[in-house]
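To start, the structure itself, in structure tokens.
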Amino acid sequence: MDQIANMLISIKNGGLVKKDHIFVPHSKIKENILNVLKNEGFIKTFETTDLGNNKKSLKIVLSFEGKHPHIYSKINNVERVSKLSKRIYVQAKDIKLVKYGKGVVVLSTPKGIMTGKEARKEMVGGEMLFKIW
């Protein structure tokens, strides 16, 4: 199973039903992706919780916009680009904008997980993980 896609869909669905927070299983790559999403404003914050028996979980606090009763999730859509069956790699010059700059593309590069904007600035390419807007 694709654990990154499961985490992204859990965040999206949690926002659609207006949950304050969600829990997902812990991994280092998920933690790095959540750092990027936090810096871009798609989530408020996250923290690691210990479940015992050497198991950890990530508590993700979701971010909303608008005023009550018209509260909307900041995440409208998520598209997983590179899948387990087919990996998609791009060079720095081939990284495109998402939804005319309103969205973000997240890449796994030799310098770590970063947005497409940061990757273009650093002139580094990598595996295109997903698009979010």
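The values are calculated or read from the model by the stated rules, or taken from the named source; none is laboratory data. Computed from a predicted structure; not experimentally measured. Glycine also receives a Cβ, built like all others from the backbone with ideal geometry; neighbour counts cover every protein chain displayed.
Can you name the residue in region 12-55 that is in a loop (DSSP other than H, G, I, E, B) and without any contact (Cβ under 8 Å) to a residue 40 or more places away in the chain and, of all such residues, is farthest from Val106 (Cα to Cα)?
Among residues in region 12-55 that are in a loop (DSSP other than H, G, I, E, B) and without any contact (Cβ under 8 Å) to a residue 40 or more places away in the chain, the one farthest from Val106 (Cα to Cα) is Asn53.
Hey, any hits in region 61-69 for a residue that's in contact with a strand residue (DSSP E or B) (Cβ under 8 Å, 6 or more places away or on another chain), within 25 Å of Phe23 (Cβ to Cβ) and modelled with pLDDT of 95 or more?
yes
Please go through (1) among the small types (Gly, Ala, Ser); (2) crowded, with 16+ Cβ neighbours inside 10 Å; (3) modelled with pLDDT of 95 or more for Ser10 and return the number of the only condition it doesn't satisfy.
Going through the list (1) among the small types (Gly, Ala, Ser); (2) crowded, with 16+ Cβ neighbours inside 10 Å; (3) modelled with pLDDT of 95 or more, Ser10 breaks only (2).
Mind counting the residues in region 24-76 that are more than 17 Å from Gln3 (Cα to Cα), exposed (fewer than 11 other Cβ atoms within 10 Å of the Cβ) and of a type outside the set (Gly, Ala, Ser)?
Going through region 24-76 one residue at a time, the tally reaches 8.
Going through region 92-114 one residue at a time, which ones are surrounded by 10 or more Cβ atoms within 10 Å (Cβ to Cβ) and hydroxyl-bearing (Ser, Thr, Tyr)?
Matches in region 92-114: Ser108, Thr109.
Yes or no: Asn39 of a type in the set (S, T, N, Q) and modelled with pLDDT of 95 or more?
yes
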